[in-house]
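To start, the structure under review is shown below, and the notes come after it.
The values are calculated or read from the model by the stated rules, or taken from the named source; none is laboratory data. Remember, predicted model here, so these are calculated numbers, not experimental data. No Cβ is skipped: glycine too gets one built from the backbone with ideal geometry, and neighbour counts run over all protein chains shown. Accessible surface areas use protein heavy atoms only, side chains included; no ligands, DNA or RNA. Shrake-Rupley method; radii C 1.70, N 1.55, O 1.52, S 1.80 Å.
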Amino acid sequence: MSNKTTKKSKYQEKAPAGIVLSILAAGIVPLIMRTFTYDSHLSDYEWFPTDGTVVDIFLAYKSFAIITIGICMAIALIYRKYDHEKLPVTRLFWCMFAYAALVLISGFASKWKGFAFGGSYEMFESVPVVLCYVLFAYYTFTDVKNEITVKILLKWVGIFSLILMAIGVFQGFGADLFATNFGKVLYSTPSFWSQLGNLTIRMPKGTSYSTLYNPNFFSLYLAIVLPMAVASFFAFKEKKARILSGILIVCSVILLITDISITGVMSLVISGIITLLVFISKKKKLFITGISVLAALVVLAIVLSVAVKPVHDFVLTKINADPTPLTTGTLKDIETNQDNVTLEFKDGTSAAIEYSFDDTGKMGVTAQDGDGNELGVTWNDTTGQADIVNADGVLIAGVAPKDTADGQHFISVRVDTREFYFMTDEEGYEYITGAGKLVKLDNDIKTANVFPEDFFSNRGILWNRTLPLLPSHIIIGGGQNTFVMQYPQNNYVMKSLLIESETTSIDVKPHNIFLQQWVENGLIALILYLIVVIGYLVQTASVIKRHDIKKPMTIMAAGAFAAIAAHTAAGIANDSNVCTSPVMWVMLGLGFAINEIVKNEDTDTAGNS
């Protein structure tokens, strides 16, 4: 008996060399940046520029690294199985494998297989990448068998996280490494070195994005890293471990403050509350008290948000976007017809505009209301446009003449603070998209009208137009990376009202990980994904409740629980992406492994006693 215990103790002091693959996935991949020039294969679409060549900096090489690491993990697992190692598979992992199978099936069944398997514009999270995510979780679960491995994995991931966060902190204070020539050389290929001045990352000064492409992705990243750093600080007594964890905590807080990430803060608060409730569930009376206090605080928050104007206004500014012509303007929609372009206003009125140019290039404009009555049209020398006024003499639109480089005439129609461009051809009046292509505008865009359009920084628009896509994807989805093809990109008027130019806004994702999963992989895949995540949280809550919370691995189980809970909450307003998802899936596998370690520790203690 003592000999077996000694051998087991020696084994527990070792960490498998293969853990370096999990470290690379969670630590190195988020740091990867490299210029990658590719053909988007979207140039044939009316909403995309004719030149489909795009330069990616943040995503493509991350996806290449993810696939490379995934292949190495698969080879390692096959070798270990060949070497007669027993690789455990729990029920939740079978659900995870079934989820991966549906991702694969949706990809093969997709109309856009090239996008599903190769990645699409601003989205390189292809089918092979998602399959590798599942490998990351399973491989980490099978490789992490003891406390020393947990420490080594978190130590190195923490070091790389510190580098990533340091870059973000400096960016938050206006010192962006990637705005300097030195930084540009670091992430660009030699072909760009002669034109570094033209190589820019379009981010407002003071924005923290680090190597994660999008400031919103920091919400997902911090949701994972901060809880793990806090848990490591209390779990591990080594001085170096605590210093590293402490610095990560400080950097995370600075980033949350400088980025003012309401999504990140909300997700961390939610996960913190849930984790606290799991802790106090050990004592029934304390748990009931905690639930009661939480319910009272929620009710108080709702009352204050509704009844107290300053609080109400503050909440609205955080949940909704700043006022835009979408909410403050008069325009509702535009329709192009054979004989005119019709402006539809929010008050129920309309204006049908016609234009013509004589041989000298002088523009003539006429307009009628919805009843066919002529509207007033007068030339304004100050603005250089024809002002259209309604029966009350109120200016409703301005029409200005324009010419293309080759001398073709067209017009701009200004409504509120936005300009829309139109030209006539054999199809009648057509809208000129920001991509410079002629299209017909109609009102046939399906929308659910469930959310206010400006809800959660205009996510309401995306969600309202994503919901009608869901019924057709109950069993399988449209394929990874195909949201850009399924979403109504021809929503030109809405985009122009929201931003200066609809050309800069191609909706590649729904900003909601659950809608994303449903549209791209199907409802069943989404359910399996939720079963895995919620199943893990339930399993971990049970482990925390049944075991000594003072032990390091139980504390780490709580940290992993909080991390996955926070990531799930942040996913309500964010998408899965190659920048942060590798970290999440590795931590999910680590969380499952820590649960097994905690259960085995108590089993060993009981057996030895």
Give the residues of region 436-452 that are assigned to a loop (DSSP other than H, G, I, E, B) and open to solvent by less than 20 Å² (accessible area, probe 1.4 Å), sorted by residue number. L441
Sort out which residues of region 535-581 are of a type in the set (F, W, Y) and more than 23 Å from F160 (Cα to Cα), and write them in order of number. Y536
Restricting region 144-156 to residues that are open to solvent by 10 Å² or more (accessible area, probe 1.4 Å) and in a helix (DSSP H, G or I), which is farthest from A563 (Cα to Cα)? I148
Of all residues in region 394-417 being modelled with pLDDT under 90 and closer than 18 Å to A351 by Cβ, which is most open to solvent (accessible area, probe 1.4 Å)? T417
Single residue of region 7-19 satisfying the filter (touching a helix residue (DSSP H, G or I) at 6+ places or on another chain (Cβ under 9 Å) and open to solvent by 70 Å² or more (accessible area, probe 1.4 Å)) that is modelled with the lowest pLDDT: K8
If we keep only residues of region 29-57 that are over 30 Å from I159 (Cα atoms) and among the charged types (D, E, K, R), then the residue most open to solvent (accessible area, probe 1.4 Å) is D44
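Return yes or no: is D39 out of contact with any helix residue (DSSP H, G or I) (no Cβ under 9 Å at 6 or more places or on another chain), under 26 Å from Y487 (Cα atoms) and free of Cβ contacts under 8 Å to residues at least 12 places away in the same chain?
Values: out of contact with any helix residue (DSSP H, G or I) (no Cβ under 9 Å at 6 or more places or on another chain): yes; under 26 Å from Y487 (Cα atoms): yes; free of Cβ contacts under 8 Å to residues at least 12 places away in the same chain: no.
No; evaluated as a whole, the condition is false for this residue.
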Some residue of region 62-70 being touching a residue at least 40 places away in the same chain (Cβ under 8 Å), of a type in the set (V, I, T), open to solvent by 30 Å² or more (accessible area, probe 1.4 Å) and over 30 Å from K184 (Cα atoms): no
Residues satisfying the stated conditions in region 198-240, i.e. of a type in the set (A, V, I, L, M, F, W, C), closer than 19 Å to I555 by Cα, open to solvent by less than 30 Å² (accessible area, probe 1.4 Å) and in a helix (DSSP H, G or I): L222, A223, I224, V225, L226, M228, A229, A231, A235
Inside region 47-89, the number of residues satisfying the requirement of being of a type in the set (V, I, T), under 30 Å from T433 (Cβ atoms) and assigned to a loop (DSSP other than H, G, I, E, B) is 2
Name the helices (runs of 4 or more DSSP H) wholly within region 249-353 that hold at least 1 residues that are modelled with pLDDT of 80 or more and open to solvent by 20 Å² or more (accessible area, probe 1.4 Å)? 262-280
Among the numbered criteria (1) under 17 Å from the mean Cα position of the chain (by Cα); (2) surrounded by 20 or more Cβ atoms within 10 Å (Cβ to Cβ), which single criterion is violated by S505? (2)
